[in-house]
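See below for the structure under consideration.
Nothing in this text is a laboratory measurement; each read-out follows from the coordinates by a stated rule. The model shown is predicted, which means the values in this text are computed figures rather than measured ones. Note that we place each Cβ from the backbone using ideal geometry, even for glycine, and neighbour counts take in every protein chain shown.
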Ligand SMILES: Cc1ncc(COP(=O)(O)O)c(C=O)c1O
């Protein structure tokens, strides 16, 4: 091998696609890897508590489906999804006031896959995509390779601000442009924990009708409510107005209710959209694992969700309370935080000019971790914000971890 022989990296680095050239790690990602060691208290991840996994019931469901229908559940299946699961998801959607038939359901490999499919179908290079500010970083990551022009829309404690949405749409209309879609995590948002108020949901649908706006409603957390009254899903309001989904494609998942390792999510929405989504999905993975889908179906058929949801609500509700109490006790002057009625996250805003990434370095020395807020901002704002996850660490570590975090914050 001569010294001039190119290395593997030389060979591959020589020609990335535009999307390939655009993806890069970050210093924060590297720092957060450190925090996966056991002595760390991590508020950084978005992980469900493993204590909530229904391991035994999933074991039994696996045994049953393999014993009774191995030749079906180990075989390739339809791209749209395992038919009995699509039926079950149509009934689950009806319980969420989104009346659809099994044909209106597309099973996806987690909601994350639906985001990628929607990006492929709806975003061209330069397409305006409206996102909440801040928003789910995994959605930004899924959409980015398609070259969107993100338009951040302001939120407050009642969620996306309708006037801000309308003014963004009016601005686009003046230049003759049309938004590809609005992406919204309306309920117990990742990252802020904030929920869009019921009144604003109606106002946002009014705007969607005026502007023919498409809405992607991403709802992994809606069932995880610890107090307060539920607001109707955007998809439910849309279907109530039109009899069927019209403006809204609704995404949900078993990741936070059963187990993310199953990789089973679903999309419901207008038929023409779902048909196209299935064609794209076929090129991605042919279909979501039949065995996973059959296990999800078999467990839920047996009423597992009705046992899981109250249990998770109780455990996460207590953890949210522990985190709120600890913040009240230890947070330094000038730090504000959200008080979510559900979900897995809360959001801190530090005084103007503070730098959460710098705080992270100090927090890591104290063996506690969180995610600085900037990555959740499509436009790179939010240096003085951060996200805390409260579902993963047990209550005793939450108190201890928040205390250490607040010491790091108090250092400036
Ligand atoms: C808002 C949001 N959407 C989608 C996902 C991806 O979930 P899934 O496991 O279903 O792919 C997550 C996961 O944390 C999320 O928070």
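Apply 1/(1 + (r/R0)^6) to the Cβ-Cβ distance of residue 23 and residue 199, taking R0 = 60 Å, and write down the FRET efficiency to the nearest 0.05. That gives a FRET efficiency of 0.95.
Computed from label points 7 Å out along Cα-Cβ, the spacing between residue 175 and residue 240 is 3.6 nm.
By other beta-carbon atoms within 10 Å, ranking 16, 266, 347, 337 with the fewest at the front produces 16, 337, 347, 266. Taking 0.36 nm per residue of sequence separation and removing the Cα-Cα distance, the residue 167/residue 121 pair yields an extension gain of 14.0 nm.
For residue 284 and residue 407, the difference between the fully extended length at 0.36 nm per residue and the C-alpha to C-alpha distance is 39.7 nm.
Got a sec? How would 111, 127 order by Cβ neighbour count within 10 Å, fewest to most? Please list the in-between numbers first.
Working: 111 25, 127 19.
Ascending Cβ contact count within 10 Å gives the list 127, 111.
The length gained on full extension between residue 339 and residue 55, counted as 0.36 nm times the residue separation minus their Cα-Cα distance, comes to 99.2 nm.
Taken as Cα centroids, the stretch 374-412 and the stretch 196-246 sit 29 Å apart, rounded to the nearest whole angstrom.
Given the rule -39500 (n - 2.57) for each run of at least 4 DSSP H residues, summed and divided by the residues of the chain, what is its mean residue ellipticity at 222 nm, to the nearest 500 deg cm²/dmol? Kindly include the intermediate steps, with their values, before the conclusion.
Details: 15 runs with 187 residues, N = 412.
Helix contribution divided over all residues of the chain: -14000 deg cm²/dmol.
By the count of other C-beta atoms within 10 Å, a proxy for reagent exposure, 33, 281 are ordered fewest to most as 33, 281.
May I ask for the distance between the Cα centers of the stretch 28-77 and the stretch 257-318, given as a whole number of Å? Using only Cα atoms, the two centres lie 13 Å from each other.
Give me the percent of DSSP beta bridges within the stretch 64-161 that run antiparallel, rounded to the nearest 5. Once the DSSP bridges in the stretch 64-161 are tallied, antiparallel ones form about 25 percent. Taking every DSSP bridge with both residues inside the stretch 162-312, close to 35 percent are antiparallel.
For the stretch 284-412, the equivalent ellipsoid derived from the alpha-carbon gyration tensor has semi-axes of 34, 20, 12 Å in decreasing order.
Of all DSSP beta bridges in the chain, what percent run antiparallel (nearest 5)?
Numbers: 20 of 38 bridges.
Taking every DSSP beta bridge with both residues in the chain, the antiparallel ones total about 55 percent.
A Stokes-Einstein calculation at 37 °C with viscosity 0.692 mPa s, built on the Kirkwood radius of the stretch 249-358 over Cα pairs, returns a diffusion coefficient of 186 µm²/s.
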